[in-house]
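The values are calculated or read from the model by the stated rules, or taken from the named source; none is laboratory data. None of these values were measured; they are calculated from a predicted model. Neighbour counts are summed over all protein chains in view; Cβ atoms, including those assigned to glycine, are modelled from backbone coordinates with ideal geometry. These area figures cover heavy atoms from the full protein model, side chains too; ligands, DNA and RNA do not enter into them. Shrake-Rupley method; radii C 1.70, N 1.55, O 1.52, S 1.80 Å.
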Amino acid sequence: MANNGVSRIEHAPREYHEYPGAQYALPTDDAEHQRLLLQHNSIKSLFDNRILLAPVTLRPNDRVLDSGAGPGLWALDFAQSVDPAVHILGIDIASRLFPVSPPQNVAFQVGSVTNLPPDWTDTFTLVHQRLLMLALQIPEWTQALREIYRVLRPGGWVQLGESIAWFEGEYPDKPCMEKLVSLYRSLTKSRNLYIDCASHMPALLKEIGFIDIQAEERPLLMGKWAGADGVANATTNVGVFRGIKTPVLEAGGYGKVTTESEYDALVEGLEKEWEEIPGTKKEFVMFWARKPIN
Ligand SMILES: C[S@@+](CC[C@H](N)C(=O)[O-])C[C@H]1O[C@@H](n2cnc3c(N)ncnc32)[C@H](O)[C@@H]1O
């Protein structure tokens, strides 16, 4: 089948979002749900069990937005630490993974962070957003941060978590990883996704008008050389390479792979490289910033 002039590579496709215009590259299926759960716990552990770093105190009737909530893991976890009269709302372009029966003060609805409802202006005390690096195009990041700024009440806080993307040419001792990173870069470049957003986040936040911009960076270590956390981090990150297989093969493999089994062999090779060669790591950065009071 032709796809923008390139031939798609035959494979068993996974399930993806159907939101018009969105370029999000990861699946929305049960395997991805399990990956996100493991990832939520790994990131929580990396930051000493803190899921809120912004210095915000929530009061009854305050509103909290979890943008790009997915299965709502952060929202549900956060709900356990606040007064049940705090209202938590998760939004996402796909509803497939929304929790079926959340607590009464937690709700979910379909929507894009690039275009939030007009009547939300100045209403949220906290906006949380984590891992949209494979979701938003370069100009959409500015648009999303502008929308988050708009919906925050004056004095409200945003907290963003993103990781530093893999770079090509940095893993000469890991040929499977090198090739997969090259495919990952080709895919994200072809979709104009801002995977290097974390490196530019403080400047983006400042440009929108946020103040008190702060960041905390910690390394996610990959592989059993780094203990149980290393095994979990490797599993979640191998899962990303599995998750982009369908979009890579739909795009024809970028001249780098020609069959599904070739792609699968690269992922298996990557798992082995991370298991056998110590040292692979990926920085994760938590940012927080405040909307000025006036
Ligand atoms: C990698 S998942 C992270 C989910 C969750 N934030 C977490 O950390 O567990 C990214 C999520 O962003 C959602 N997403 C992608 N584009 C979006 C957009 N424009 N607006 C809102 N959500 C979006 C995806 O559907 C997906 O659920």
Per the charge dipole of the range 1-90 (beta-carbon charges, Lys/Arg positive, Asp/Glu negative, Cα centre), the residue among Val86, Val56, Ala75 reaching farthest to the positive end is Val56
Among Ala198, Met177, Ile213 the positive-end extreme of the charge dipole of the chain (Cβ point charges)
Ile213
Quick one: helix 175-190 against the long Cα principal axis of the chain, what's the angle to the nearest 10°, folded into 0 to 90?
60 degrees
Net lengthening on full extension, Ser81/Thr142 (0.36 nm per residue, minus Cα-Cα)
18.9 nm
Directionally averaged projected area (convex hull, Cα atoms, the range 2-290), nm²
14.8 nm²
Excluding ligands, DNA and RNA, what is the solvent-accessible area per residue of the chain at a probe of 1.4 Å, expressed in Å²?
44 Å²
Any idea what % of Cα-Cα pairs in the range 25-71 are farther than 11 Å?
76 percent
Pairs Lys44/Lys179; Lys174/Lys281; Lys179/Lys272: which are spaced more than 22 Å apart, C-alpha to C-alpha?
Lys44/Lys179
Report, in deg cm²/dmol and to the nearest 500, the calculated mean residue ellipticity at 222 nm for the chain, where each DSSP H run with n ≥ 4 adds -39500 (n - 2.57) and the sum is divided by the residue count.
-11500 deg cm²/dmol
Helix 30-46 axis, angle to the chain major axis (alpha carbon atoms, nearest 10°)
70 degrees
When the convex hull of its Cα atoms is projected in every direction, mean area for the range 226-294 (nm²):
7.9 nm²
What FRET efficiency do you get for Arg8 and Gln109 if R0 is 30 Å and r is their Cβ-Cβ distance, rounded to the nearest 0.05?
0.35
Any idea what the relative contact order of the chain is, in percent, if you count C-alpha pairs under 8 Å spaced at least 6 apart?
24 percent
HN-Hα J couplings of the range 100-114 from phi, Karplus 6.51/-1.76/1.60, θ = phi - 60°, integer Hz, Gly and Pro as x?
6, 10, x, x, 5, 9, 10, 9, 10, 8, 7, x, 10, 5, 7
Report, in whole Å, the centroid distance computed from the Cα atoms of the range 58-73 and the range 164-201.
30 Å
For the chain, give the magnitude of the charge dipole about the Cα centre (Cβ charges: +1 Lys/Arg, -1 Asp/Glu; no others), in debye to the nearest 20.
580 debye
Which angle between 0 and 90 degrees, to the nearest 10, do you get for helix 227-243 versus the longest principal axis of the chain when only C-alpha atoms count?
80 degrees
Compute from the Cα atoms of the range 47-135 the Rg and the Dmax, the latter being the longest Cα-Cα distance, and quote both in angstrom.
12.5, 37
Please report, as a whole percent, how much of the solvent-accessible surface of the range 2-290 comes from carbon and sulfur atoms (probe radius 1.4 Å).
51 percent
